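Scroll down for the structure; my scribbles are underneath it.
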Amino acid sequence: MKIKKIKIFVLGAGCWGVTLAKIYSEKGYDVFLWEPSIKKSELLKKTRKLKNFSFIQLPKNVKISHDISQIKYYDLILFVTPSIYVRETAQKIKSLNINLKNKYFISCTKGLEEKTMLRPSQIITKILNISINQIFVFSGPTHAEEVVKKKPAAITLAGKNKKILTKLQQVLSTNFLRVYTTTDITGVELGGTLKNVYAIAAGICDGLNLGDNAKSALITRSLKEIVLIGKTLSGETKTFFGLSGIGDLLTTAYSRHSRNRNFGEFLVSTGNLDVSIKKVKTTIEGIKTVKVLHDIGNKYKLDIPIATQIYKIINTKKLSKKIFTKIIKTLFSRKLKPEFYNYL
């Protein structure tokens, strides 16, 4: 793989997809941005802007189309679709019946499949029947709204193929986006996925005006649950104390750009799940993730009280301050224990 001549195909023209297409085209790479909707694709091609991301314009050298067959001409494929569309998108690629042996795939998607509990990289690898050495995961505290404006950020790239991993690190790094590497695909992917659930909890905390002490305690204990779940699912403990773990959790729990945090805050102000979803106006990965997390907790008999309460909230039709107060009391009345019990 020659770094300077690499061609990048971005699957998904949402905020993050548009951001990645923009920054890598500006770095000099040949970039293709795929939007599955013909109507949206044509509009994006014409305006070079997203409706809800209109302050940024795509460079003219970024190719935009709904034609996924063009993927055959590209070396590096970035999956930047919502998690619910990863399987469908991978199946579209499979149906093209093209040679994938010399292509590398990077999952930039955060989520878990509801029925199978599979991570995006697992779905991609399974459907496309590619080697573990061809799949990578790109995750960390990187809100598109800031990265696209070239504000300093750091992110983690995970993969088993160390030689290609190092080359991709060079490809994906810029003078404002610093890329670190690890071989822990599972840990990096889970860190980016699980934090969305706890960002909802952070939003609820903000909505209830519980204060800084409560939010710090919440985030710290949320990390405890993330580590426990991550270890159970074969992630490395140290990964969750890095960019894709605590780094991403902090950003998502505090940022005004965080759709999951905002959703949690809306749950308090509206008392209604559907209304809160409409207010966010984009995919809230934490909603589906917490459902899968609930099943994982039951399957492995995990002590994850915060995730359990978020699951109950998501499944409550009418929310009220009384319900939120009861949840807080439930969390605080649990049996006392050492801080690192069943943790590290």
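Restricting region 1-74 to chymotrypsin sites (Phe, Trp or Tyr not before Pro) that sit in a DSSP loop and have at most 10 other Cβ atoms within 10 Å of their own Cβ leaves PHE55. Normalised by the number of residues in the chain, the mean separation of alpha-carbon contacts (under 8 Å, six or more apart) gives a relative contact order of 14 percent. For region 195-247, the average shadow cast by the Cα convex hull is 3.5 nm², which is a quarter of the hull's surface.
FRET efficiency for the pair HIS257 and LEU43, taken as 1/(1 + (r/R0)^6) with r the Cβ-Cβ distance and R0 = 25 Å, rounds to 0.60.
Of the cross-linked pairs LYS5/LYS46; LYS46/LYS279; LYS279/LYS312; LYS92/LYS126; LYS27/LYS60, those separated by over 24 Å at the C-alpha level are LYS5/LYS46; LYS46/LYS279.
Using Cα centres only, tell me the gap between region 68-93 and region 248-281 in whole Å. The two parts, judged by their Cα centres, are 28 Å apart. Maximal additional length on extending the LYS126-LYS299 stretch stands at 60.0 nm, based on 0.36 nm per residue less the C-alpha distance. Compute log10 of I(q)/I(0) for region 46-153 with the Debye formula, placing one identical point scatterer on every Cα and leaving out solvent, at q = 0.18 Å⁻¹, to two decimals. Debye curve over Cα of region 46-153, log10 I(q)/I(0) at q = 0.18 Å⁻¹: -1.05. Go ahead and estimate [θ] at 222 nm for the chain from helices alone: -39,500 (n - 2.57) per DSSP H run with n ≥ 4, summed, over the residue count, rounded to 500. That comes out to -15000 deg cm²/dmol.
Peptides 321-333, 264-276 ordered by packing proxy, namely the average of other Cβ atoms within 10 Å per residue, highest first: 264-276, 321-333.
If you wrap the tightest convex hull around every Cα atom of region 3-183 and split its volume per residue, you get 112 Å³.
Read the figures in this text as sums done on the coordinates, not as results from a lab. Because the structure is predicted, anything quoted here is derived from the model rather than measured. Because the Cβ atoms are built from the backbone with ideal geometry, glycine has one as well, and the counts that use them run over all protein chains shown.
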